[in-house]
Structure formats: structure tokens, C-alpha cells
1. Considering only the range 449-497, state which residues are part of a helix (DSSP H, G or I), hydroxyl-bearing (Ser, Thr, Tyr) and over 16 Å from residue 386 (Cβ atoms).
2. Going through 221, 234 one at a time, which residue ends up being out of contact with any strand residue (DSSP E or B) (no Cβ under 8 Å at 6 or more places or on another chain) and either more than 19 Å from residue 311 (Cα to Cα) or among the acidic types (Asp, Glu) (or both)?
3. With touching a helix residue (DSSP H, G or I) at 6+ places or on another chain (Cβ under 8 Å), at pLDDT below 90 and not acidic (Asp, Glu) as the only criterion, which of 439, 434 stands out?
4. Would you pick out the residues in the range 657-704 that are at pLDDT 80 or above, of a type in the set (A, V, I, L, M, F, W, C) and open to solvent by 70 Å² or more (accessible area, probe 1.4 Å)?
5. Only residues in the range 242-266 that are closer than 14 Å to residue 217 by Cα and in a helix (DSSP H, G or I) count as the first member; pair them with residues that are at pLDDT below 90 and not hydrophobic (A, V, I, L, M, F, W, C), Cβ under 6 angstrom, at least 6 apart or cross-chain, and list the lot.
6. How many residues are under 50 Å from the mean Cα position of the chain (by Cα) and among the β-branched types (Val, Ile, Thr) if we restrict to the range 464-496?
7. Can you tell me which residue within the range 296-323, out of those that are touching a helix residue (DSSP H, G or I) at 6+ places or on another chain (Cβ under 7 Å) and aliphatic (A, V, I, L, M), is farthest from residue 508 (Cα to Cα)?
8. Just one of (1) in a loop (DSSP other than H, G, I, E, B); (2) open to solvent by less than 70 Å² (accessible area, probe 1.4 Å) trips up residue 398, so point out which.
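The values are calculated or read from the model by the stated rules, or taken from the named source; none is laboratory data. Please read all numbers here as calculations on a predicted model, not as lab measurements. Using ideal geometry, Cβ is built from the backbone for each residue, glycine included, and neighbour counts are taken over all protein chains shown. Each accessible area value is taken on the protein alone, full model and side chains, heavy atoms only, with ligands, DNA and RNA left out. Shrake-Rupley method; radii C 1.70, N 1.55, O 1.52, S 1.80 Å.
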Amino acid sequence: PSNFAAGLLLIATCGSFKCLLPSGAHSFSIHAASDKISENHQSQMILLPASTRGGSPGTVVLRCTANAPGDGAAFGQFWGKDIEVQDWETPEAEAYSKACKDPLVKALARERQPSAAQALGLVEFVNSRKERLSMDDLGELLALVAECALSSDALLHLCATRAMEKLTATGVPVLGLVLRLAEAALNGVVMSRAEGDDQPQNDDNISGGAARDSRDARAVSRLLLLLARFGTSSPAARHALAEHQAENLCLSVLAHSPASSLPPTAISQAIRLLGLMFSASAAPEKAPSEMASPTPSAPSAPKCRMVSKAVSRLINKPLEDTSMRPTAMTAALELLLELCAPRWLCLNLLFTADAELTAEEGSQVPVTLSCAFKLVQCLQRLAKEFLSASKTLRAAETGSEDETLAIEELSSWLRAGELTVRLSRKVVQHCPTSDVYLSTVLGNAAVDPKLVLEEVLHIAKAISAGLPAVREQATALSREIAELRTELSSKPSGASPLILPAADLLSPQRPEKGDDLATATPAQAIDRGTVEEAVALLDAAADLEANTEWTPVAELDNAEPPQTDDSKMDWEFDAAALRKKRQIFLEKSESDRKAKRLKQLEEKQLQEKQLQVQRSEAAAAAAAAPATTTAPASAQKPQEPSPARPQETALVKQEPAPPVVKEEPKEKVAPAPAGKKNPAEALQAFLKDHPEFMRVLQNPKKCLADPRVKSMFVAELENYPAVKSFLAAKGMTF
């Protein structure tokens with residue numbers, strides 16, 4: 001959705017988010033709807049993208065471990081749930097004018113608390129709340145960035161990458177959402193099963209995926225480009241890729257079947273992302289004290305072996321497989337060359353330690369020869385492609401477009417051949433004997449070192465002699481092969497060693513976690529203004545639109561579903577479906593919150609009623625005690641005048657008779673049935689007893705839509721028949 005570009009451009013150029021973070025130790029996390037989370041600082045339920053076709057509800061939670069949970073300053077500029085009226089009843093709001101920094105409020109509240117100081121304190125309290133960022137805003141931002149990561153708009157793609165970098169530096173786990181999107185686009189989404197269905201998982205209950213829909217395949221390529229651009233931004237970004245195990249996505253792309261379902265550049269993009277994570281983070285041979293500038297920590301040897309084996313399977317595919325392109329071959333060989341550059345890592349790729357490595361001086365460890373990569377079928381493919389490309393170039397018409405394409409094809413394969421020879425030279429330089437290279441990498445220990453790569457050298461000399469357009473490259477390849485033979489001949493021969501020094505297999509000392517990231521200078525840490533950053537993003541967008549890898553995968557997706565049998569899941573690209581699904585979760589969250597509030601108010605009212613009953617009973621008991629003591633005295637007073645004036649007493653009894661008759665109808669109106677009471681007075685008494693139902697009367701349609709609110713409201717109305725009949729006469733249904 002390109003309409004989000006302006007908002008993400010503002011986020012990408014607004015500077016750092018660190019001023020909003022809590023001062024103490026804290027962490028952000030994302031939890032699914034099924035997780036039972038009870039935190040003060042968490043967002044409402046948000047629909048987070050989970051695949052190219054839909055999303056799943058989740059909650060963003062902020063936890064602070066340095067300060068007490070009740071300390072408001074511990075959470076920085078982030079606020080959690082809005083507790084409405086209770087905010088102004090808390091001690092924080094009441095005492096805010098005393099603790100605020102405004103000099104006018106301090107002056108007014110110095111000696112006493114006038115109404116003006118209270119009003120100004122309340123205004124500042126409200127302003128401080130509005131200046132803060134709510135967790136709901138952060139959750140919406142996460143969903144927006146993850147959704148825009150799939151965009152085919154170049155500017156939006158770059159803005160999403162920059163926003164990812166800022167959020168990751170803040171500690172918000174947005175990278176996990178993007179990796180989950182890429183996995184879903186590559187492999188599809190497993191559909192939910194009915195209860196009691198114990199059938200094994202198969203293709204029938206998987207929807208989407210690169211093998212089923214070309215739109216998902218293009219989305220995988222765009223996400224790989226986004227992750228690669230994200231990784232080049234800073235060492236912290238590469239560290240985040242390693243922490244979230246982004247290599248699993250890359251290895252899944254390399255092993256995807258059929259490979260033809262992915263865009264041609266997806267394989268090379270995955271390999272370059274692996275190179276960014278492993279070869280770029282490989283520590284140099286120098287000790288940490290000798291480094292001129294801090295470098296990221298060394299990669300793990302087991303993971304490097306796993307990556308090398310996956311790349312080796314790719315470059316050693318059978319010759320009948322025509323899906324291998326020179327760009328993928330070149331990227332794979334560059335990755336292997338970078339992995340073999342440090343001696344300790346190269347030996348770990350050639351040997352497997354049979355005991356635990358120790359840093360003791362002079363210690364040795366038994367090893368087994370087990371190379372993580374081979375070049376046998378790779379060299380055979382190079383020879384075959386050299387012959388095929390040179391034949392095509394000779395058959396092309398001079399000066400035609402076919403000749404240009406043939407020259408580019410042959411030049412790419414010659415570049416791959418040159419990288420293969422350089423990789424062989426690097427292995428020969430680090431391995432203890434020549435037989436290690438010949439038996440493992442080439443798979444033939446009996447070959448003469450002076451005849452290594454004989455077939456490739458013969459074809460390279462023929463290309464150099466007959467094709468002037470690529471003569472320079474072919475000559476350089478021949479020279480590299482000659483130098484390889486010389487180095488291999490000078491290497492001592494003999495069987496593979498069974499013991500190696502432990503120091504040769506140990507990686508350089510790693511800095512403490514976070515030290516290299518804290519001191520390293522990110523690529524984007526240049527002090528530029530907002531205008532300069534915006535202009536740089538626009539220039540990068542223009543370059544990206546002209547990129548040959550971006551153009552084929554940036555085609556606009558059709559709004560219609562794919563013409564396949566994969567119709568098990570509805571598409572949710574339209575805004576109406578997303579809005580409807582999101583509204584369901586928002587209404588559910590709101591109804592839960594209101595029901596909880598009503599329950600709390602009901603318990604409070606019940607306690608107040610109990611206290612009133614107890615007080616009235618105590619008052620009645622206290623009033624009954626003096627009444628019994630004064631009863632005899634009052635009885636003796638009327639007995640004295642009774643025999644003296646009998647006529648007066650008779651007149652007294654007769655005179656009040658007419659007023660008694662007139663007052664009888666008034667006394668009868670008071671104990672009339674409740675249904676004949678004044679509706680206004682009955683409604684006022686109902687709201688006085690149950691103020692929590694004021695919202696129901698203000699907006700009955702919305703509030704009574706919640707069944708729990710409706711049940712409590714109807715139950716209380718049974719005790720007020722006058723109010724019930726009045727509301728029924730006004731058209732309210734129960």
C-alpha cells in the first residue's frame with residue numbers, strides 16, 4: 001500500500017527513538033492471542049501479518065526489570081492501558097501539582113492548594129500523558145512495517161527497511177515478523193485442522209507458497225532484498241539477523257524444490273545474505289588488541305560447516321540440472337572463499353575435532369578429515385559451460401545483441417572459474433599437506449599436482465586464443481591455475497594428519513556481548529539532517545527501480561486469486577477484509593475491558609450497600625435504647641389531666657378528625673405500587689444505586705451488544721419495574 005509511504009518516510013527520517021525508551025533495563029516482546037499476559041504496559045490485540053494472505057492477533061508487551069512496576073518513570077515515554085476515569089482518582093494525579101516542574105504551579109502550591117494550582121496541575125498532567133507514546137501506537141507501527149515489507153513500491157520498500165533498522169536498534173522485535181512472513185511466502189501456510197483430525201500433514205492442508213503461486217515467489221525475492229539491505233546498515237543489524245537465525249530462511253531457499261518456481265535471482269540473493277551474516281562477520285587473524293577498529297564477533301564453526309555443506313550441494317548439482325546460473329555459482333564461490341580466508345575457520349571446514357578444544361598452550365586435539373565442501377562436479381560444470389558459452393559466442397553474428405549476451409554469459413562463467421581457482425589456492429595455503437586438498441576437495445589423491453585442473457586450463461587457453469572479447473579473463477584464469485600448481489607442488493605431501501594443535505582450530509577471542517555493537521560505527525550513523533536523509537532515500541529509490549534484480553519481482557500483483565487449485569484460504573489484500581478482522585478483535589478487547597470494569601464497580605457498590613446496612617442497624621440499635629428508658633415518664637403525664645377535663649379531651653379528639661380525613665388520600669399515594677411511581681424519580685433512584693449503567697442509557701445499542709453487560713443490566717432492572725416499564729415504553733428491548 002503506497003499510501004503509507006509518507007508516514008514511514010517521516011519515521012525513517014525523524015531521528016533516534018532512544019529518547020522514548022525507559023532508563024533502566026527493559027525488553028519488548030510479541031505474544032500471541034492464546035498467551036495469558038497480564039502486564040500494565042501492553043498493547044491491545046493487534047492483527048499482525050503472519051503470511052501474504054492474512055494475519056494473526058498478537059500483543060506487544062513492554063517489561064522493565066530495573067525499577068518497580070509501579071514506578072511510572074521506569075517505562076520512559078510509553079504508556080500502557082488507558083484506565084479512563086480512574087486515572088484522575090489516583091494519588092499520582094492528586095499530588096501531581098506538588099511534584100511537577102512548572103514554576104507557576106510550584107508557586108501556587110507552595111503554602112496551600114488553591115483551585116488554580118489544582119487546575120494547572122491537572123492540565124500539565126494531561127499534557128504529559130498526550131506527549132507520551134502508547135503501546136497501542138507501537139503495536140500498530142509494528143504491523144504497518146511488517147506489512148510494508150512486502151510492498152513492490154521502491155520508496156516504501158526503503159522506508160520500511162529504515163524503520164526496521166530503527167525499531168531493531170530500539171529493541172522492538174520487528175525482524176521476527178518479517179522473517180515469519182518470508183517463511184510463509186516460501187513454504188505456504190498450514191491450514192487449521194478440525195478437532196479429531198489425526199491425518200499427517202501433506203500438501204492438501206497447505207495454502208500458498210512459492211511452488212503454488214508466483215506472487216509468493218516474487219514476495220520471497222523482495223524480502224530477501226530487504227533483509228540484505230537491512231543487514232548492510234550496521235553491525236547491530238547483522239547481529240540481529242544472527243540472533244533471529246535468518247540463515248534458516250536462506251538455507252530453505254537453497255533447498256527449495258522445484259528451484260525453477262523461484263525467481264532466477266533468489267538463490268544468489270539468499271547466498272549474499274548468508275555471506276553478510278557469516279563471511280562479513282568472520283574475525284580477522286589478528287588478536288583483538290591488534291585490531292584498529294572493533295569488529296563483530298567470529299562466527300560459529302558448526303554453523304559455518306552447515307552453511308558450507310548447503311552451498312556445496314548447490315554448486316555440485318548434477319550436470320543434467322540446467323537451473324544453475326552463473327550469478328548463483330559466483331555468489332556461492334565468493335561465500336566459500338570468504339569462509340576459508342581465516343586459517344582457523346578453513347581448518348574447521350576441512351577437519352572435525354574428536355575432542356573438546358582447550359586454550360591451553362601447546363595442547364593438541366585428535367581430528368578426522370571431513371571436508372564440508374567439494375569442487376569435483378563444480379569443475380566439471382565449469383568445463384561444460386565454458387565449451388557451451390564459447391560455442392554460442394562463435395556462432396553469434398558480429399555486432400548483434402546475441403553476441404553481447406553471449407559475451408556476458410561467457411564472462412560470468414569465467415569469473416566463476418577464477419573464483420574456484422582462488423578458493424583452491426586459499427585451501428592449499430592453509431591445509432597441512434597437499435593430499436588433504438587432493439583427496440577431499442578434488443576427490444582424487446592420486447592426481448599429479450602439475451596436472452591439476454588440466455581440462456579447465458585447456459579450454460581457457462582455447463578461449464584466449466580464439467575469442468578476443470574475453471581474452472583478458474581467460475588469460476588471467478590460466479595464470480591462476482599455473483600459480484595453483486606451483487603452490488601445490490611446493491606443499492609437503494603425505495597422509496592427512498591425525499592430530500592438530502588446538503590453537504589452530506580455536507576461533508579468535510570474542511568480545512563481550514554487545515561490546516562490538518556499542519562501539520562499532522553504523523553505516524547510517526552519519527549526522528545528517530532530515531532533508532538530507534529524505535533526499536538520500538529518494539535517490540536510493542530511483543537506483544532501486546533501475547536495479548535488474550528488483551524490476552522482475554516488483555510487478556504489481558493481480559487482485560484476482562491465482563488460477564490454481566489453491567483456494568483453501570481467502571485472500572486479504574483488500575482493506576475491507578483487514579478492517580473487518582481487526583474490528584472484531586478491537587470490539588472483543590473493548591467488551592472484555594468494560595465487563596471487567598462493570599464487575600469491579602458492582603463489587604464496590606455491594607460493599608457500600610453492606611456498609612450502609614451495618615451503619616443503619618447500629619443507628620437503630622442506638623436509638624432504641626433511650627426510647628425505652630423515657631417511655632414510663634411520658635405515659636404518666638397524660639393521665640393526670642384526664643379526670644379533671646374530660647370535655648376538652650373529647651373536643652381535642654373531635655377537632656383533628658377533618659384533617660385526618662383530608663390527609664388519608666395523601667398517605668395512600670405514598671405506599672402506592674412501584675409501577676405507578678413517577679418515572680423520572682424512579683430512573684434517578686436507579687442511577688443513584690447503579691451509576692455504572694449510565695453508559696448503557698447513553699448508548700444502549702452499543703453497550704447491550706455485549707451479552708455480559710446485557711445480562712447484568714436486565715438482572716438489575718427486575719428490581720426496578722417502574723424503570724423497566726419506562727424504558728420499554730421508550731422502545732428499548734431486553
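1. First, pick out the residues of the range 449-497 that are part of a helix (DSSP H, G or I): 449-451, 454-466, 468-490.
This time we only want the ones that are hydroxyl-bearing (Ser, Thr, Tyr), so: 464, 475, 478, 486, 489-490.
If the condition is that a residue be part of a helix (DSSP H, G or I), hydroxyl-bearing (Ser, Thr, Tyr) and over 16 Å from residue 386 (Cβ atoms), then 486, 489, 490 are the ones that fit.
2. Values: 221 fails: either more than 19 Å from residue 311 (Cα to Cα) or among the acidic types (Asp, Glu) (or both).
Exactly one residue qualifies, and that residue is 234.
3. Details: 439 fails: touching a helix residue (DSSP H, G or I) at 6+ places or on another chain (Cβ under 8 Å).
Answer to the check: 434.
4. 694
5. Final answer for the pair search is 259/323; 260/323.
6. Qualifying residue count, the range 464-496: 2.
7. 319
8. Result: residue 398 passes all but (2).
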